[in-house]
Amino acid sequence: MILSFVFLVLVWYLPIKGKMVCEQRGQSQFLKFIASLLVVIGHQACFYCSPNELFMSETGVGALCVSFFLFMSGYGLLYSRVKRQQRLSKLWLKKRMIKLVVPALTAMALYVVAEFTVGKEVDWSCLLKYWFVSDTNLRYGWYVSEIIILYVVFFAFYRSFPIKKATLLSCIAVGIAICIMVAIKCAIWYVLGLPCFLMGLLLAYHDIGTKHFHFHLSPLQIKLLLSFMVCCFFFLKNFDLVQQAVPMLDKWRYVLASKFMVNIVFIVVVTYILMRLPVCNAFVNRGRLSENYSHVG
């Protein structure tokens, strides 16, 4: 409820005219900072706070934040690759792997030490075999593993093919991976953010060939359309309310569809807001362009 209300206020308060995502460096850093805090708050509330449905509903936005990180990662990888004319060499991949793997191994070591300190048994065979890939060795280490795989896929396609073909192949490959993961019943959180990574790639592909982002609608129509999307976001996020009104939607396939759709609608609304946020001086010029848009850890 609170998040939807904030979105609605921003949609009507912010100006219609916006800039492209690539021009909003400080603003994107600020939103990633907020998203990181929300992830931490959500996990703390889940593990350590007394159960309260309303509080859990308002703080349980980790999947949405992860989707935003993946969206910005996809956007930054492709946009910086083209605009900065980055050559996708093995050194390029090695640097990014180091930025992901070293912090993950450090976090894993600290996590294992903490587990051992409080008297919990450490599965050393699992630790040496799976490292941070296993949730046993590092809670939510799957996210780092997923980012690593996406980086490798990006490297393989965009190094070997022209931009247009590589983008198409990336969409097909990730789409097939989503279908397989759903079919074999992988944990749902492994899958939900992947369409948003593709959204980032596609928006970057669009922005590469244009100087402005145009809506062929009147200002009032744009605000009404975004308001409708915010309402959709609210009902998708609180799909149990929809199920109470329409009992036939209580089947798992509808629940699964709602979990995918809420992330996609969330990214659309947040991207609209991001493109219209004023300058955030505290986050401007922090790091290089490639780090600002592709580093999500």
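Values computed for the structure shown
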| quantity | calculated |
| --- | --- |
| The listed residue being touching a Leu at 6+ places or on another chain (Cβ under 9 Å) and at pLDDT 95 or above, out of V268, V242 | V268 |
| Total residues in the range 95-123, condition part of a helix (DSSP H, G or I) and exposed (fewer than 10 other Cβ atoms within 10 Å of the Cβ) | 1 |
| Verdict on L226 being assigned to a helix (DSSP H, G or I) and either basic (K, R) or open to solvent by 80 Å² or more (accessible area, probe 1.4 Å) (or both) | no |
| Flag for V133 being closer than 23 Å to A173 by Cα, open to solvent by 50 Å² or more (accessible area, probe 1.4 Å) and aliphatic (A, V, I, L, M) | yes |
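Results for (1) outside any helix (DSSP H, G or I); (2) within 26 Å of F266 (Cβ to Cβ), shown as yes or no for each residue.
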position: Y151; (1), (2): no, yes
position: F155; (1), (2): no, no
position: T167; (1), (2): no, yes
position: S170; (1), (2): no, yes
position: V174; (1), (2): no, yes
position: A177; (1), (2): no, yes
position: M181; (1), (2): no, yes
position: C186; (1), (2): yes, yes
position: W189; (1), (2): no, yes
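The values are calculated or read from the model by the stated rules, or taken from the named source; none is laboratory data. No experiment lies behind these values; they were computed from the predicted model shown. When we count neighbours, we look across all protein chains shown, and the Cβ atoms used for this are built from the backbone with ideal geometry, even at glycine. Remember, those area values only see protein heavy atoms, side chains included, never the ligands or the DNA or RNA. Shrake-Rupley method; radii C 1.70, N 1.55, O 1.52, S 1.80 Å.
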